[in-house]
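Everything on this sheet refers to the single structure shown next.
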Amino acid sequence: MRLRIGIAILLASVVPFPQTTVSTWTAQVLDESGAPRPNIAVKQIWQNYTLESATHTDTLTTDTTGRVTFPARRLWRPLILNAVGTIRNHLHGSASYLDATAPGLQSFTDLCCNSRITLHPVPEPRAQ
């Protein structure tokens, strides 16, 4: 009986299952006056530091209302690799953010998962 339980635990620990790294994320890009900005490239950057060694990116373009929706990001991993990753990696958890840019404008947010992003003029370099 103990052997069967041990085999069941071992098998359960090596079967991959989905883990959400980032939930579905909707953002609206606005200019400084609060007007929606269509056709703006918005880049999503994310990584689960415990489970992955690589950063991921995806870029989508805002619609006519200035909105963009990124899908949930899931990682299929067995439990045993989660344990190994936690022991091996001192950086725990996930990080994700959005970056929106347009000529002469920039913005950034890390407020998941329903954000308003305001584009601001890129500061001029300071003379030294």
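Here are the numbers:
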{"quantity": "Residue among Asp63, Asp58 that alone is assigned to a loop (DSSP other than H, G, I, E, B), out of contact with any Pro (no Cβ under 6 Å at 6 or more places or on another chain) and within 20 Å of Leu119 (Cα to Cα)", "calculated": "Asp63"}
{"quantity": "Residue selected from the stretch 93-122 under the condition among the small types (Gly, Ala, Ser) and closer than 12 Å to Gln44 by Cβ, by the criterion modelled with the highest pLDDT", "calculated": "Ala100"}
{"quantity": "Leading residue by the ranking (surrounded by the fewest Cβ atoms within 10 Å (Cβ to Cβ)) among those in the stretch 24-55 that are hydroxyl-bearing (Ser, Thr, Tyr) and within 24 Å of Leu119 (Cβ to Cβ)", "calculated": "Ser33"}
{"quantity": "Considering residues of the stretch 20-47 that are free of Cβ contacts under 8 Å to residues at least 60 places away in the same chain and in a strand (DSSP E or B) only, the residue nearest to Arg77 (Cα to Cα)", "calculated": "Thr20"}
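The values are calculated or read from the model by the stated rules, or taken from the named source; none is laboratory data. Note that this is a predicted model, so its numbers are computed, not measured. A quick note on method: Cβ atoms are made from the backbone with ideal geometry, for glycine too, and the neighbour counts reach across all protein chains shown.
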